[in-house]
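Trainee: Encoded as structure tokens, here's the structure I'll be asking about.
The values are calculated or read from the model by the stated rules, or taken from the named source; none is laboratory data. As the structure is a prediction and not an experimental result, all values here were calculated from the model. Cβ atoms come from the backbone with ideal geometry, glycine included; neighbour counts cover every protein chain shown. Remember, those area values only see protein heavy atoms, side chains included, never the ligands or the DNA or RNA. Shrake-Rupley method; radii C 1.70, N 1.55, O 1.52, S 1.80 Å.
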Amino acid sequence: MKFEVPAHKGSASPEIDPTVRETMELVVSGGNDNKETGTPSTMQRSLKAAHFGIFFLAASIIVFEIALTRVFAIMMWHHFTYMVVSIALLGFGAAGSILTARREVESEGSPFGSLSFYSAAYGLSVIFSFWFATRIQVDSLEIIQDPGNMISLLHFYIVIAAPMLLGGMAVGTLFTRLASHVNTLYFSDLVGSALGGGLSVFLLNQFGSTSTVMIAGFLGTVAAVFFASGRRARTVVASLIPVAMTGVIVVGFVGQGFAPLRIPAMNWQVPFAEGKDMRPFQDQPYDTLHSSTAEVEVTAEGLFKPLAGGDFGRIDHMKVMERLVCQDGAAPTVLFRDAAQLEKFPFLDDCQAGSAYVALNARGQQAPEVLVIGVGGGIDVMIALAQDARHVTAVEINKAMVDMVTDRFKNYIGGLFTDESLPYHDKIDLVQEEGRSFMRRSTKKYDVIQMSGVDSFTALSTGAYTLSESYLYTTNAVKEFYQHLHEGGIINYSRFLLPFPKKPRETLRLANIVLVALGELGVNDPASNVAILQGYNWASTMIKKGPFTETEILALKDFAAKEGFRGLVFDPLRANDQPWVHDLESN
């Protein structure tokens, strides 16, 4: 069959549209350097190679970027997590500048050799840049005081930007050289990115951040094979070498080795940032539970003072066998050995975080309905059960935390959440969900809504807490919780004071948020519904549905005096002209 292009009238040499000309040239070349041997079938093969290549490359880049958010959260603090976005923009921007300077748009011949090279180099650089990056120490807490940290941070940028540059070169070359097919190629790019985003969540939950980075590198080299298939057979053979290299590394990390092929188990530990609670334990054996929300680390058992999202008083002071638990190396909580045997822990009613129960008991209310947001190792649930709660609904966002108490360490804590033979088993419901999302769906009301140290210092999906506080500490959150209280019920936020460098800002800011929220709800004299009790380094901000009574305030003062706490630093019954008994500046 012969196709002819009709001549334009009055013209011996008709002009052809540039897009049509580019398509015709690619058909003729067939993705080969020798344009005389190309056929339409090779053209179709080349286009398929381009679509599959960009699909795997886009998936790899997204998986790599998301995995880096988890790596950065561990290596540095959560504020630096979204630095990955700026690094990606830097790498891709540099790639665009290089392609423009090289006038890539005017290049002739097949682009598939370059595409395969860039993708293979990208995949390998993902793995090796990660290896180098985990050996660069950046103390983000001292980044201003010690200029050396700025130099380390610059090195960090350069090392991580390298794979972004190579990935950007591949994507830019593809879209530039095959511009006539950019619509379908971009569709493949978007599909790959979307599936990569979903895949990254699965990989992080199953294998953790390090293994996910290795898989991202492997996917990049797979893209190189597809790009190579659009050129010559020997190019495909050459592209298999990086696939084999990254495949061995993936088997070593994900599969923990493969003896028949003599592939050893591999592990590159991501170091914890300076100042994180897990930093002293990073050279000691500890268990890791993977999660896309925050990695959970559990140390070996030891005899320590009890730890909770609050301060324990001097009554029943004792040490217990426990394991330290952190998320991304920070936000510590503990697992108590045999936690289900509440009688072993007489100090449960001596915790500043449980001050809401003191107020309830003072007015004679028994068997409260309790909601705990942020389960941790289960200490708030234990405190509620020790106070004879009628029912405890425990809500935890991190799947790894839920797995910790219901699977990996369920026997260590005596089946607190799982043992059906326990007398209070039917009193506990454990829900994996974000606290406010759960609250919006719930029609139930509570006597106590407890949140103790729920600041996880991790990178939330939207970037929350990188520049502002958690969603649990907003006026809208306070209003939602308040509307789910029984009359006389109490919301109890137990938070660290963070008195450095000048003021205890966390609790002060929370108190202001509470007063604004209650005012927006139309509460008359909002201050009468708020009481703040300070332990030592923590404080309970209690929000009651109704004014605090003298009986409740006296009980709180007596509780603080017996436990040796600082006491009420905001007393709603204090007259405006009455001097403060306690001075926050004196401690």
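Trainee: Take region 139-158 and flag every residue that is loosely packed, with under 14 Cβ neighbours inside 10 Å and small (Gly, Ala, Ser).
Mentor: Of everything in region 139-158, just one residue is loosely packed, with under 14 Cβ neighbours inside 10 Å and small (Gly, Ala, Ser), namely 148.
Trainee: Here's something else I'd like to know. Taking residue 16, is it modelled with pLDDT of 70 or more and either open to solvent by less than 40 Å² (accessible area, probe 1.4 Å) or among the aliphatic types (A, V, I, L, M) (or both)? Talk me through it step by step, then tell me what you get.
Mentor: Details: modelled with pLDDT of 70 or more: no; either open to solvent by less than 40 Å² (accessible area, probe 1.4 Å) or among the aliphatic types (A, V, I, L, M) (or both): yes.
So residue 16 fails the test.
Trainee: Are any residues in region 281-294 at pLDDT 90 or above, touching a strand residue (DSSP E or B) at 6+ places or on another chain (Cβ under 6 Å) and crowded, with 21+ Cβ neighbours inside 10 Å, and if so, which ones?
Mentor: 289
Trainee: Now for a separate question. Go through region 404-454 and count every residue that is under 13 Å from residue 484 (Cβ atoms), of a type in the set (D, E, K, R) and surrounded by fewer than 16 Cβ atoms within 10 Å (Cβ to Cβ).
Mentor: The number of residues fulfilling the criteria is 4.
Trainee: Could you check region 62-104 and list, in sequence order, the residues that are of a type in the set (D, E, K, R) and under 22 Å from residue 136 (Cβ atoms)?
Mentor: Of region 62-104, the ones of a type in the set (D, E, K, R) are 65, 70, 102-104.
The answer is 65, 70.
Trainee: Could you please let me know if residue 276 is in contact with a Gly (Cβ under 6 Å, 6 or more places away or on another chain) and either under 30 Å from residue 535 (Cα atoms) or open to solvent by less than 60 Å² (accessible area, probe 1.4 Å) (or both)?
Mentor: Working: in contact with a Gly (Cβ under 6 Å, 6 or more places away or on another chain): yes; either under 30 Å from residue 535 (Cα atoms) or open to solvent by less than 60 Å² (accessible area, probe 1.4 Å) (or both): yes.
Here the answer is yes, as residue 276 does meet what is asked.
Trainee: Is it true that residue 136 is surrounded by fewer than 20 Cβ atoms within 10 Å (Cβ to Cβ) and not in a helix (DSSP H, G or I)? Please lay out each step first, then the result.
Mentor: Details: surrounded by fewer than 20 Cβ atoms within 10 Å (Cβ to Cβ): yes; not in a helix (DSSP H, G or I): yes.
Here the answer is yes, as residue 136 does meet what is asked.
Trainee: Under 6 Å by Cβ, and 6 or more places apart or on different chains, what pairs join a residue from region 526-548 that is more than 18 Å from residue 484 (Cβ to Cβ) with one that is polar (S, T, N, Q) and open to solvent by 30 Å² or more (accessible area, probe 1.4 Å)?
Mentor: No pair meets every condition.
Trainee: Quick check on my filter: what residues within region 310-335 are part of a loop (DSSP other than H, G, I, E, B) and within 35 Å of the chain's Cα centre (by Cα)?
Mentor: Pass one, region 310-335, residues part of a loop (DSSP other than H, G, I, E, B): 311, 313-319, 328-329.
Result: 311, 313, 318, 319, 328, 329.
Trainee: Can you work out which of the residues in region 505-555 that are assigned to a loop (DSSP other than H, G, I, E, B) and in contact with a helix residue (DSSP H, G or I) (Cβ under 7 Å, 6 or more places away or on another chain) is nearest to residue 569 (Cα to Cα)?
Mentor: 535
Trainee: When both residues are 6+ apart or on different chains and their Cβ atoms are under 9 Å apart, which pairs have a first residue that lies in region 353-367 and is of a type in the set (S, T, N, Q), and a second that is open to solvent by 40 Å² or more (accessible area, probe 1.4 Å)?
Mentor: Filtered contacts from region 353-367: 366/388; 366/390.
Trainee: I need every pair where a residue in region 81-94 that is surrounded by fewer than 18 Cβ atoms within 10 Å (Cβ to Cβ) has its Cβ under 8 Å from the Cβ of a residue that is of a type in the set (Asp, Glu), sequence separation at least 6 or different chains.
Mentor: 85/65
Trainee: Out of the residues in region 220-250 that are under 30 Å from residue 74 (Cα atoms) and open to solvent by 50 Å² or more (accessible area, probe 1.4 Å), which is farthest from the chain's Cα centre (by Cα)? So that I can check it myself, show each step before the final result.
Mentor: Here is the first cut: in region 220-250, the ones under 30 Å from residue 74 (Cα atoms) are 220-223, 242-250.
Restricting the remaining residues to those that are open to solvent by 50 Å² or more (accessible area, probe 1.4 Å) gives 244-245, 248.
Working: 244: 31, 245: 30, 248: 28 Å.
Among those residues, the one meeting the criterion is 244.
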